[in-house]
1. How many residues are closer than 14 Å to SER36 by Cα, outside any helix (DSSP H, G or I) and at pLDDT below 95 if we restrict to segment 54-105?
2. Given the options LEU174, LEU167, LEU191, name the one that is open to solvent by less than 10 Å² (accessible area, probe 1.4 Å) and closer than 22 Å to CYS100 by Cα.
3. For a quick check of your reading of the model, give me the residue pairs whose first member lies in segment 296-319 and is more than 17 Å from LEU191 (Cα to Cα) and in a loop (DSSP other than H, G, I, E, B), whose second is open to solvent by 10 Å² or more (accessible area, probe 1.4 Å) and among the acidic types (Asp, Glu), with beta-carbon atoms closer than 7 Å and at least 6 apart or on different chains.
4. Go through segment 171-200 and count every residue that is assigned to a helix (DSSP H, G or I) and touching a strand residue (DSSP E or B) at 6+ places or on another chain (Cβ under 6 Å).
5. Here is a list: ARG124, ARG91. Which entry is more than 17 Å from the chain's Cα centre (by Cα) and open to solvent by 40 Å² or more (accessible area, probe 1.4 Å)?
6. Is one or more of the residues making up segment 205-212 among the aromatic types (Phe, Trp, Tyr) and open to solvent by less than 40 Å² (accessible area, probe 1.4 Å)?
7. Does any residue of segment 47-66 turn out to be open to solvent by 60 Å² or more (accessible area, probe 1.4 Å), touching a residue at least 24 places away in the same chain (Cβ under 8 Å) and over 30 Å from ILE201 (Cα atoms)?
Amino acid sequence: MEPGVINDIRNTTDHLFNDRNIHVSSEGLGAGNIWSKGYDYAESEKEAFIDIIDHELDSCDNLEAFQMLHSVAGGTGSGVGSLFLEVLSDRYNKKLVTTCSVFPESGQSSDVVVQPYNTMLTLRRLIEQSDANMVFENSALLNNAIRSFQNSSPTTHQSNELIATCLSASTNTLRYPGYMYNSLTSILSTLVLTPDLHFLIPSYTPYTSDFLTNPKPVRKSSAYDVILELLDRRIRMVDTNDTHNSYISIFNILQGSYNHSDVQKAIIKAQQRANFVPWSAASVHVARGKKSPHHITPDSDYVSGLMLSNSSSIVTLLDKTCKQYDKIMRRQAFVGGYRVGSVFQDGLEEFKESREAVQAVMDDYVAAESVSYLDDEDEDEDGDVRL
């Protein structure tokens, strides 16, 4: 929706994208940071988007999933992204839909005062229309970038390098397949044990010159060191606290040369350190990834690792988002730009339903920390509980 952004990408990448698959708004005015403007624009251009997708799918032999990269704070990433999730879920309902979702700095002041509205409306689509969401929070990205580049004011490009590193690692076993975890289905079945609890928090260490430009020098470490360091809350891509910190599942992908015995020892130690929900096996799954043969650097023999964790600590981010939302919605501040949207023609019910959907997921994650989470309870006509 902003041609300048697309032109910047074109100017800094050499024939990376097929022009046929790039959509640029003829108006060039952007979404003005309003979710409904992005959503309505995407609705009007839906057929054009579907044509682009179908054209690309014609060259697929065995389509497994879609992955959408977007921000949830502005108007385009949230509004257009929400419409895309609905289209993909409806039109290609037998295929997995995953996202890489970048969240704003929760609890921090922002020039975009309607960020909580955009985030809340998008969260409902992430909950209802997708199968898994890899979550990045800007404040955590900033802290990781400061450490990784030894730069007190890291650039957006450097933060994007961290995201790209995590995304690259997450698809490593798909691009260089072995005998295990060579499909997205096998990875997600390990991480997403119940359909509603599908928010994944990435952690990565160490960042070397294999992936970053001018990273901080790091000491060479073993697989044992990497697996245990990935449990460090400080390197997560989401700021969390210890109020809710129970793991539902953990999946690691290691790259580099290492001994299998180190992995076995690290898994046993990690199972002792990590606090797992009582109804899930305290399993730490580890996949062996491969370094790209096309990009050899002095750091290529270092062991690096990505951890994707499904844990109740995501409640920290969701709760901060809800508090920001409640604060401005209490006065119905700045809702004028949303009322003109097609979704809000009959009132602001969409906001209420989105807030309820997010609250339900928060409650579900909190409930998952109890031993009775999987108990199948229903009441008979007399009101007695039947197990």
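The values are calculated or read from the model by the stated rules, or taken from the named source; none is laboratory data. Values in this document were obtained by computation on a predicted structure and should not be read as measured data. All Cβ positions, even for glycine, are placed from backbone atoms using ideal geometry, and neighbour counts span all protein chains on display. Please note that ligands, DNA and RNA were not included when accessible areas were found on the heavy atoms of the full protein model with its side chains. Shrake-Rupley method; radii C 1.70, N 1.55, O 1.52, S 1.80 Å.
1. Total meeting the criteria: 2.
2. Within the list LEU174, LEU167, LEU191, the selection yields LEU191.
3. Taking only residues 6 or more apart or on different chains, the pairs are THR297/ASP210; ASP299/ASP210; SER300/ASP210.
4. 6
5. The unique qualifying residue is ARG91.
6. Yes, segment 205-212 contains at least one residue that is among the aromatic types (Phe, Trp, Tyr) and open to solvent by less than 40 Å² (accessible area, probe 1.4 Å).
7. yes
Condition check ((1) surrounded by fewer than 18 Cβ atoms within 10 Å (Cβ to Cβ); (2) within 24 Å of GLU105 (Cβ to Cβ)) across all residues:
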{"position": "CYS322", "(1), (2)": "no, yes"}
{"position": "TYR325", "(1), (2)": "no, yes"}
{"position": "ILE328", "(1), (2)": "yes, yes"}
{"position": "ALA333", "(1), (2)": "yes, yes"}
{"position": "GLY336", "(1), (2)": "yes, no"}
{"position": "VAL340", "(1), (2)": "yes, no"}
{"position": "ASP346", "(1), (2)": "yes, no"}
{"position": "GLU353", "(1), (2)": "yes, no"}
